[in-house]
Amino acid sequence: MVFELLKQQRRRRLRARPFPKDWLTLIQRHVVFFHRLSASDRAELLGHIQVFLAEKRFEGCGGFAITEEVRVTIAAQACLLLLHRKTDYFPGLLTILVYPVTYMVEEKRQLGEHVWEEGTVSRLGETGRRMGSLVLSWGAVKHGAADPSNGKNVVLHEFAHQLDFEKRAGYRHCWILMGPLIRLSFSPYQSRRSSNDRTRFAHVILACTKSCETISIRTR
């Protein structure tokens, strides 16, 4: 109980800190959806980013160097999933591993009862319930941040799995719905809509996760 109170106090202090100007510049330059959030959603997102970056460790793989751009760009997209919800900041995740581009892994796939196939496959990202880590391709991260209209954001996808692991609920089902809804929220006509409409992306994710949480409880 005491540890939990201290943790919450520390997080409140982190969220209340002035957001670094160089981080804000990176977000404004590289994370397109940030400009389409309301002022209150931006403030909430920036607070979450401060906590996220204070608690998560980043490591470069394949000779890739972790920079502030890498950390902030990933954090901004991951923390979008935390808007308008009580959160523990992906508690099962300790480390984010980042490759420069698509990376290769050895995979064994079962073809039949006693038949297995082994081979090398390329990936853009992955995570697991017991990994304690999440793997991303920086190339895919940048593409998702720059073009949120295609509904294939690898950061949102992998961190949605982390929410699934955290709650042991059916968040993974939300991703089936999320693609078309993201495309709708970020249509070319979005800039012509009201400021309330421009916050719909965050609300769409919230609605999806809440709906799937209900579905999961009902189907256990």
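Fewest-first ordering of H48, H143 by other beta carbons within 10 Å of each residue's beta carbon gives H143, H48. When H114, H30, H35 are arranged by Cβ crowding within 10 Å, least crowded first, meaning fewest neighbours, the order is H114, H35, H30. Full extension of the segment from R10 to Q110, taken as 0.36 nm per residue of separation minus the current Cα-Cα distance, would add 31.3 nm.
A straight line joining the Cα centroids of region 1-33 and region 112-149 runs 27 Å. With the convex hull of the Cα atoms taken as the outline of region 14-68, the averaged projected area works out to 4.4 nm².
On a full-extension model of 0.36 nm per residue, what is the gain between S149 and V32, subtracting their alpha-carbon distance, rounded to one decimal in nm? Between S149 and V32, full extension yields an extra 41.1 nm.
Coordinate-derived values only; no laboratory data. Everything numeric in this text was worked out from a predicted model, so none of it was measured. Neighbour counts run over all protein chains shown; Cβ positions are idealised from the backbone, glycine included.
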